[in-house]
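Where a number appears in this text, it was derived from the coordinates with a stated rule and is not lab data. Only a predicted model underlies this, so the values are computations on that prediction, with no experimental measurement involved. Positions of Cβ are generated from backbone atoms using ideal geometry, with glycine treated the same way; all protein chains shown enter the neighbour counts.
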Amino acid sequence: MKKIENIELSFLSIDDYQELKKAMIESYTGIPDAYWSERQMESLISRFPEGQVVIKVNNQIAGCALSIIVDYKRIEKVHTYQEITGNYSFNTHKPEGDMLYGIDVFIKHEFRGLRLGRRLYDYRKELCEKLNLRGMAFGGRIPNYHLYADKLTPKQYIDKVRKKEIHDPVFNFQISNDFHPTKILKNYLEGDEASNDYAVLLEWDNIYYEKEDLSSTVTIKKIVRLGLIQWQMRSYKNLDELLHQAEFFVDSVSGYRSDFALFPEFFNAPLMAENNHLSESEAIRELAKHTSAIVDKFAKFAISYNINIISGSMPEIVDNKLYNVGYLCKRDGTVERYEKLHITPNEAKVWGMQGGSKIQTFDTDCGKIGILICYDVEFPELGRLLADDGMDILFVPFLTDTQNGYSRVRNCAQARAIENECYVAIAGSVGNLPNVHNMDIQYAQSMVFTPCDFAFPTNGIKAEATANSEMILIADVDIDSLRELNQLGTVRNLKDRRKDIYELNKK
């Protein structure tokens, strides 16, 4: 090979035809008439110029990739190469379709080993993202299958290739470029004796694809700003004074154009001071009488400050049973309820509190979120169930009195971010309440955690507040980075689960 002076990727021009024809003949040795006619190339270029590219080394064609756009429902059916190309006329190309279909790709023998094929596939992937296509597909040859056809079915052959027990240069290359097999195609390519007349439908999913929703004009935000409130426990004369302080914080995080305001668990506990003469269990039931008014006020704050508010948690009595609950007050005016499922020994012993029974994700204008109250985040099953339901951000309002208690919440929350490939935001209270029994001291450091991969901080911490200081914490999180991690991460915790030997189900 001559010294490489330049490598260039460019659109295919009909002026390249004679050189292209020669390159195809050289590349497809042993296959007669293995080239497209000039008329066919003119038709393909005129229909979809962006889909036809060549890669040149020292101004000489080294490889080529040809594509059309089709409807996904067309490739869901078993089809042949002749059918998908419209009898080689390319009249099956649909500019309004949603799937890029690979018609041809090759690299000349003398240029193989330079990973030029990867460049062609990278271009196609970028084209899918640019045109908002759901992905890419093509019928992949399995040219070594004829050596094993008398012993293995196509499915068995593919399985052994994936396990590296059999080498298939074409199929191995496709798998290494993030394509996954979805269907066996019989009699796909006429005359492909090396593949024993079989091909594998291979697909690549565009994680940035956004399906058009004609029923709604709402756009889900991709960059989401979180506002965490590290709440100072202090004495308040009455409910109005506490709500005044809460509104101050909502106003503050809203002023930074935050999408969410997260309050801590039991942030309204200072109001129990007026009932300190009662037993602990009686005092918290008196506190529960304020919950409805607080939720109503937060719902109004959410609308007037254009922010989604996660109310932390508050005591609530339902059917004479005491629960630890919170409310998601959305800026569109809707309000949804969530429950603490796992009650700590102290909550059960001192207050007689009950655990809830419902776990769910919540749809917001920033995508799906989950909310787990304090102790709940220490149970990994809950985070996994929420992740399986599409959660991108997990919010954890908490209340801990000692540093060891805080460390349990913090470390478990960070683990949930890694194992579920999501963001986790935790917010707690600081200070002390000497006039409230069972709520004497608090320790907190609010944080936003991320997965640990190249698109994220190396230590998995996006932002952190100063420990034990009243403050707000603002952090931006990129939802698209989660999509990329899920498909292309160094490790893929959600995808790599061994569902063949274990599973997790919600009752």
Simple SL model, points at 7 angstrom along Cα→Cβ for ASP365 and PHE454; separation in nm is 3.5 nm
Helix 403-419 axis, angle to the chain major axis (alpha carbon atoms, nearest 10°) | 20 degrees
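Rounded to the nearest 20 Debye, what is the dipole magnitude of the stretch 380-443 about its Cα centre when Lys and Arg each give +1 and Asp and Glu each give -1 at the C-beta? Mind showing how you got there, number by number?
Values: 4 positive and 8 negative charges, 48 e Å.
Roughly 220 debye for the stretch 380-443.
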May I ask you to compute the full-extension gain from ARG115 to ASN59, defined as 0.36 nm times their residue separation minus their alpha-carbon distance, rounded to one decimal in nm?
-> 18.4 nm
For the pair GLU76 and HIS180, the simple spin-label estimate (label points 7 Å beyond Cα toward Cβ) gives in nm 1.7 nm
Top positive-direction residue, dipole computed over the chain with Cβ charges, set PHE106, LEU485, GLN40 | PHE106
For the chain, longest principal axis from Cα atoms; helix 479-488 axis from its Cα atoms; angle between them, nearest 10 degrees, is 50 degrees
To the nearest 20 debye, what charge dipole does the chain have about its Cα centre, counting +1 at the Cβ of each Lys and Arg and -1 at the Cβ of each Asp and Glu?
-> 840 debye
Just one of (1) 0.96; (2) 1.12; (3) 1.04 is Rg/Rh (Cα atoms, Kirkwood Rh) as worked out from the coordinates here. Which one is it?
-> (2)
Amide H neighbours of LYS183 at under 5 Å, excluding residues fewer than 5 places away on the same chain, with H built from the backbone geometry, are LEU201
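Given a Förster distance of 22 Å, report the FRET efficiency between LEU494 and LYS358 from their Cβ-Cβ distance, rounded to the nearest 0.05. Could you put the intermediate results ahead of the total?
Values: r = 23 Å, r/R0 = 1.06.
Between LEU494 and LYS358 the formula returns 0.40.
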Rounded to one decimal in nm, the spacing of the 7 Å Cα→Cβ label points at SER469 and GLU19 is 6.3 nm
FRET efficiency for ILE207 and HIS277, using Cβ-Cβ distance with R0 set to 60 Å, rounded to 0.05 | 0.55
Using θ = phi - 60° and the Karplus curve 6.51 cos²θ - 1.76 cosθ + 1.60, what whole-Hz ³J(HN,Hα) does each residue of the stretch 120-129 get, with Gly and Pro shown as x?
-> 5, 5, 4, 4, 4, 5, 5, 5, 4, 5
Length gained if ASP476 through VAL350 is fully extended, taking 0.36 nm per residue and subtracting the Cα-Cα distance, is 41.5 nm
Please give the FRET efficiency for ASP319 paired with GLU381, using the beta carbon to beta carbon distance and R0 = 30 Å, rounded to the nearest 0.05.
-> 0.65
Straight-line reach from LYS21: which lysines have a Cα under 23 Å away, not including same-chain ones fewer than 8 places off?
-> LYS2, LYS56, LYS108
When the Cα centres of the stretch 300-352 and the stretch 227-285 are compared, how far apart do they sit, in Å?
-> 13 Å
Computed over the chain: relative contact order in percent, which uses C-alpha pairs under 8 Å that are six or more apart | 11 percent
Under the Karplus relation 6.51 cos²θ - 1.76 cosθ + 1.60, θ = phi - 60°, what is the ordered set of whole-Hz ³J(HN,Hα) values for the stretch 443-454, x standing for Gly and Pro?
-> 9, 7, 9, 6, 8, 10, 9, 10, x, 10, 8, 5
Could you name the lysines in cross-link range of LYS160, using Cα to Cα under 21 Å and dropping any fewer than eight places away on the same chain?
-> LYS151, LYS183, LYS186, LYS495, LYS499
How much length is gained on full extension from LYS507 to GLU38, taking 0.36 nm per residue of separation minus their Cα-Cα distance?
-> 162.6 nm
Under the Karplus relation 6.51 cos²θ - 1.76 cosθ + 1.60, θ = phi - 60°, what is the ordered set of whole-Hz ³J(HN,Hα) values for the stretch 303-309, x standing for Gly and Pro?
-> 6, 5, 9, 6, 8, 8, 10
